[in-house]
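Bear in mind that the values in this text are calculations on the coordinates, not laboratory data. The structure displayed is predicted, hence computed values, not measured ones. Positions of Cβ are backbone-derived with ideal geometry, glycine not excepted, and every protein chain shown enters the neighbour counts.
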Amino acid sequence: MGDKQSKEVSHNRLRTLATGLIRGESTMTLATAQDNAAWAAPVYYVFSRSAFYFFSDPDSRHIRESMPGCPVSAAIHSGSSSWEDIRGIQMSGVVYEVTGKIEAIEAIGRYLKKFGFTRKFFSEEQAIDLNAFRDRFHVRLYKFDPTLIYYLDNSLGFGFRETVHI
């Protein structure tokens, strides 16, 4: 029973560390590949419902290569000045366009809260919704839905990497 409890605490600690890193950072790098050519693109994201929401141009390479349902990988990491400080998230999953109104409203609300500077691109009386983002920036709302997540943290040991469920 003691071993099971310590593993559970360890998993809970890893989950806390991973979600803390995810919530504390703002940029995720999406990686795609097509025709033997890899591509990586950084995007601002918000984390909700165990998924990562972001805006992108539907004609951008990382969106074209990830739709519909092609495998994508993603990474989030904090800045570090030594190997002991390396912390990050490595993921694989799928990107979907968000079309549900309630899901979009929730994601946009979180996005505006996290990236408050975004409001200055819209007039004060303007409703800030999917249409407003599309019209102003020619973007759509997407979500990266991870199917596998690794948390890495060299402060826990050189090369430490474990799967985590968030």
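So the values come out like this:
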read-out: CD proxy at 222 nm, helix term only [per DSSP H run n ≥ 4: -39500 (n - 2.57); per residue of the chain; nearest 500]; value: -9000 deg cm²/dmol
read-out: Contact order relative to length of region 1-133, as percent, for alpha carbon pairs under 8 angstrom and 6 or more apart; value: 19
read-out: Projected label distance in nm at Thr19 and Lys113, using a 7 Å step from Cα toward the beta-carbon; value: 1.4
read-out: Lysine pair count for the chain [Cα-Cα under 28 Å; pairs on different chains or 8 or more apart]; value: 7
read-out: For peptides 34-42, 108-116, sequence by mean Cβ density within 10 Å, most packed first; value: 108-116, 34-42
read-out: Pairwise Cα inverse-distance average, inverted: Kirkwood Rh of the chain (Å); value: 17.2
read-out: Charge context of Ser78, other residues only, Cβ under 9 angstrom, K/R +1, D/E -1; value: -1
read-out: Net charge over other residues, Cβ less than 12 angstrom from the Cβ of Ala40 (K, R count +1; D, E count -1); value: 0
